[in-house]
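Before any comments, here is the structure.
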Amino acid sequence: MHADQHAPPGGPDDHLDRTVVSTDGTPLAVAEAGSGSALVVVGGAWDHHGTPAVDKVVAALRDRYRVVTYDRRGRGASGDTAPWSIEREVEDLAAVVDSVDGPVDAVGSCVGAGVVLRGLAAGVPFGRAVLWEPPYRATVDPHGDDVLFADFLDGHVAAGRRAQAVRAFLAQVLGVPIPYITAARLKPGLWRALLADAHVLSRDVRVLNGLSVPERMAASVGVPVLVASGDKGPAWMHAAAAAVADAVPGSRHLVVPGQGHVPDARVLRQLVDRFSGVPATE
């Protein structure tokens, strides 16, 4: 697993785009910014480096950390090699970590928290991890779906119903109210971006263990984990975060006031600082 670097690394104001090749030969688009201790950040279903949510997190962290983001396979500028499997996703994460010198910590939000959790359980060498609201819904919400929902999404995409797949994922996985989904359709640029990744949404359901907390897998994690959630989102998101913290030995759950499912990037920065022992800055 080698990194093909397209620009030399430098100081905290420099940006580095490069390619990492995963075990099965799939090229992964990786970006780095800042300097300091290394953090691999894995975002939600539609978060690639260069998307607004990722840019905000990178901007909030880069003055103190070497922030590494990557496009998961099949998304953004990364390749996609058939057949897809959860194991390939873990190998991708391991390849990204392997390309970074020195100790590496992880930050995972939403689906990214599920990706990081699988990596931790598989022995990807993170020193610690902060997980924000992994959306394991089926375990804690009677209206949640099981693994068959992934097949349902695949059926929509195969039949050319990408919009239906996006709507179903937003509603059933993330709990987005229907009026908000309707409003998103009225923003052409946003809706096109959501449709572009419709084909990989079923993968996220599978990464998330059919939306059920993977208690046995979580029990094998051997590094410190902070699972955080906001107090402004759905109750089942809070319950899912608490359940993950209960399942990971020695981890803890923190409820952050005033935050919903997409946390303020500065709040995420404060969590990372606190958990890593870095003195907080204004």
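The values are calculated or read from the model by the stated rules, or taken from the named source; none is laboratory data. What you see is a predicted model, and the numbers here were worked out from it, not measured in a lab. Here Cβ is always computed from backbone atoms with ideal geometry, including for glycine, and neighbour counts include all displayed protein chains.
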When residues of the range 169-203 are limited to those that are surrounded by 20 or more Cβ atoms within 10 Å (Cβ to Cβ) and of a type in the set (D, E, K, R), the one farthest from the chain's Cα centre (by Cα): ASP197
Could you look through the range 224-255, keep only residues that are crowded, with 18+ Cβ neighbours inside 10 Å and among the β-branched types (Val, Ile, Thr), and pick out the one that is nearest to LEU211 (Cα to Cα)? VAL244
Among residues of the range 250-269, those that are more than 24 Å from ALA38 (Cα to Cα), in a loop (DSSP other than H, G, I, E, B) and more than 18 Å from the chain's Cα centre (by Cα), counted: 2
Single unsatisfied condition, ALA95 versus (1) at pLDDT 95 or above; (2) crowded, with 21+ Cβ neighbours inside 10 Å; (3) under 29 Å from TRP191 (Cα atoms); (4) over 13 Å from the mean Cα position of the chain (by Cα): (3)
Counting only residues in the range 127-141 that are touching a helix residue (DSSP H, G or I) at 6+ places or on another chain (Cβ under 7 Å) and either surrounded by fewer than 24 Cβ atoms within 10 Å (Cβ to Cβ) or small (Gly, Ala, Ser) (or both), the one modelled with the lowest pLDDT is identified as ASP141
Okay, helices (runs of 4 or more DSSP H) sitting entirely in the range 123-208 with 2 or more residues that are among the hydroxyl-bearing types (Ser, Thr, Tyr), I get 178-185
The residue from ASP105, ASP101 that alone is at pLDDT below 95, farther than 22 Å from ALA171 by Cα and in the same structural domain as PRO263 (by TED's automatic domain parsing) is ASP101
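Listed here are the residues, each with its yes/no results for (1) of a type in the set (S, T, N, Q); (2) outside the structural domain of ASP154 (by TED's automatic domain parsing); (3) at pLDDT below 95.
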residue	(1), (2), (3)
LEU194	no, no, no
ASP197	no, no, no
VAL200	no, no, no
VAL221	no, yes, no
ALA235	no, yes, yes
ALA239	no, yes, yes
ASP246	no, yes, no
Do any residues in the range 13-24 that are modelled with pLDDT under 95 have Cβ atoms under 8 Å from those of residues that are among the aromatic types (Phe, Trp, Tyr) and not in a strand (DSSP E or B), where the two are at least six apart or on different chains, and which pairs are they? none
